[in-house]
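Engineer: Please read through the structure below; I'll follow up with questions.
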Amino acid sequence: MPIEVTERAVAVLRRALEAGRMDPARIAIRVSIDRAGELRTGFSEDAEPGEETINVGGVRLLVSGELAAREATIDVADEHDRIVLR
């Protein structure tokens, strides 16, 4: 899979799970692209059809097929620790 996830992004995603008191063994973070091309995240226990599951730094990501097809990096914007796609 051509998706790369930076260490900073993994740390922010891990903190989101911790803040929500979610068990990373049960809950994954869904990563997708909306109609405007913006990166969106959410939480789910199971993958949807067409999603790929990747594990990075103890965090399970459910990546949309559209996103998985790109050569992209999931990173963090300096402003407000917002997850972005580069």
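Laboratory data are not the source of any read-out in this text; all were calculated from the coordinates shown. Here the structure is a predicted model, which means the values were calculated and not measured. Neighbour counts are summed over all protein chains in view; Cβ atoms, including those assigned to glycine, are modelled from backbone coordinates with ideal geometry.
Engineer: For the range 58-86, how many residues meet the condition of being over 11 Å from Ile3 (Cα atoms) and out of contact with any strand residue (DSSP E or B) (no Cβ under 8 Å at 6 or more places or on another chain)?
Structural biologist: 5
Engineer: List the strands (runs of 3 or more DSSP E) inside the range 6-63, counting only whole elements, that have at least 3 residues being under 12 Å from the mean Cα position of the chain (by Cα) and more than 13 Å from Ile83 (Cβ to Cβ).
Structural biologist: 52-56
Engineer: Collect the residues in the range 70-86 that are in contact (Cβ under 8 Å) with a residue 60 or more places away in the chain and not in a strand (DSSP E or B), keeping them in residue-number order.
Structural biologist: Arg70, Glu71, Ala72, Asp81
Engineer: Now for a separate question. If a residue must be at negative phi and more than 12 Å from the chain's Cα centre (by Cα), how many such residues does the range 73-86 contain?
Structural biologist: 4
Engineer: Considering only residues that are among the small types (Gly, Ala, Ser) and surrounded by fewer than 16 Cβ atoms within 10 Å (Cβ to Cβ), look in the range 17-46 and name the one that is nearest to Thr73 (Cα to Cα).
Structural biologist: Gly37
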